[in-house]
Amino acid sequence: MSKTAILEFDGKKYEFPLIVGTEDEVAIDIDKLRGETGAITMDPGYKNSGSCKSEITFLDGEKGILRYRGYSIEDLAEKSDFLEVSYLLVFGELPTSSQLEKFENDIRKYTLVHEEMKNIIDGFPKTAHPMGVLASLTSALTAFNPKSVNVANDKEMYEAVCKTMAKFLVIATWTYRKAMGYPLNYYDNTKSYVENFMQLMFALPTGPYKANPVVVNALDKLFILHADHEQNCSTSTVRMVGSSHAGLFASISAGVSALWGPLHGGANQAVLEMLEAIQKDGGDVEKYLAKAKDKEDPFRLMGFGHRVYKNFDPRAKIIKKAADEVLNDLGVDDPVLSIAKKLEEAALQDEYFKSRNLYPNVDFYSGIIYRSMGIPTEMFTVLFAIGRLPGWIAQWKEMRVNKEPIGRPRQIYTGSPLREFKPINER
Ligand code: MLT
């Protein structure tokens, strides 16, 4: 392969260097493009633009490959656990057993959330969407932790990571407790991180609570599968906000807002709402597949297809298997879930979907599995956020450690040329 790319523009030739990644992915480095040619590139939605070099996650959408720090998602989902994967993503290496134990214990040091945060939650109506509340509460954490972290100081950075992992899990579950009118629970430092999620969500003061280990294991796997996905919308948002040197909590709060949308993390909620609507309408899967194919019909098949995967999403393969196991173990018999299965089977056989690479994605199966675990639909995207948290932290840290410049795209102005201002009485 040549070492440069040549651009011919306005009668002149310009040469741009190439950047080649570990797996031979190629980028044309256009850092000097505007300076040399006066032109910029246009790429709405950034389908062809790399925003950074990153050592965190490798994704090959054509081959259906996903790796965190070089480890395959299949291996990690089978052999690791969420805190170990979080450590790997943020610090770059798998921890030793003493490092992992220390990490878990250090997270426990920060699991108490400031009591005054409860006043902030009280200000929200019970009907508020948990993702909106979570974005606000994450941002509010800044008020109680005003000192910004010095990224160059490993100890400070490590503490900030532990603090964020601890407090985010607690406030994420509080969004549900608030909606239900239940008292807010405290983290139990004698239990594991994922067990705590279930306990914080569901334990009531009126009786004992024991999280189902099948659910805890499946959730742990789901969190691993969601932990990072290179420069997706919410992660790019976290990096972009952080590039102005806004703090970690503020950047993550922006990431939560970006994740909320139905075209991103909000898709898992949208999938379940779609399945419920199909069920209410008599459960005719073929009718909805026909609607999805009809360009005139506004119906959109949620949970199918992916911007970067032109093959099966490797996470979806793992979740599909986990969903089958969990549904069996829990003995769940739910008409909405059987509609999901029928829809999946019919779409996988259908030439229209096959030829367009519209396979069920991670959000399709995660919604199904969350529902079978008794997680309320409005909390699905919050679970995605809990899983994605270590990825956001890792990407924020990498961006700051690499001293990346502030994110500041250009534009092509298509508005009015210079106009003369007319006083109001002359318009
Ligand atoms: C994700 O995991 O962030 C989603 O699949 C969306 C994406 O990668 O674009």
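The values are calculated or read from the model by the stated rules, or taken from the named source; none is laboratory data. Model, not experiment: these values are computed from the prediction. Neighbour counts are summed over all protein chains in view; Cβ atoms, including those assigned to glycine, are modelled from backbone coordinates with ideal geometry.
Below are the figures for this structure:
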quantity	calculated
Matching residues, the stretch 197-241, being surrounded by 21 or more Cβ atoms within 10 Å (Cβ to Cβ) and among the acidic types (Asp, Glu)	Asp220, Asp228
Subset tally (residues that are among the aromatic types (Phe, Trp, Tyr) and assigned to a helix (DSSP H, G or I)) for the stretch 383-427	3
Qualifying positions in the stretch 341-367 - at pLDDT below 90, surrounded by 24 or more Cβ atoms within 10 Å (Cβ to Cβ) and more than 16 Å from the ligand (Cβ to nearest atom)	none
Members of the stretch 57-69 that are part of a loop (DSSP other than H, G, I, E, B) and within 13 Å of the ligand (Cβ to nearest atom)	Gly61, Gly64
Identity of the residue in the stretch 250-300, part of a helix (DSSP H, G or I) and charged (D, E, K, R), that ends up nearest to the ligand (Cβ to nearest atom)	Glu273
Condition met for Val336 (within 16 Å of the ligand (Cβ to nearest atom) and either in contact with a strand residue (DSSP E or B) (Cβ under 8 Å, 6 or more places away or on another chain) or part of a helix (DSSP H, G or I) (or both))	no
Single residue of Thr235, Thr164 found to be touching a His at 6+ places or on another chain (Cβ under 8 Å), hydroxyl-bearing (Ser, Thr, Tyr) and touching a residue at least 60 places away in the same chain (Cβ under 8 Å)	Thr235
Single residue of the stretch 195-249 satisfying the filter (under 30 Å from Arg67 (Cβ atoms), away from the ligand (no atom under 16 Å from the Cβ) and β-branched (Val, Ile, Thr)) that is modelled with the highest pLDDT	Val241
Residue that is modelled with the lowest pLDDT, among those in the stretch 368-392 that are in contact with an Asp or Glu (Cβ under 9 Å, 6 or more places away or on another chain) and charged (D, E, K, R)	Arg371
Qualifying residue in the stretch 79-86 (condition: assigned to a helix (DSSP H, G or I), surrounded by 14 or more Cβ atoms within 10 Å (Cβ to Cβ), among the hydroxyl-bearing types (Ser, Thr, Tyr) and out of contact with any Asp or Glu (no Cβ under 7 Å at 6 or more places or on another chain))	yes
Selection count, the stretch 50-74, where residues are within 15 Å of the chain's Cα centre (by Cα) and either aliphatic (A, V, I, L, M) or at pLDDT below 95 (or both)	3
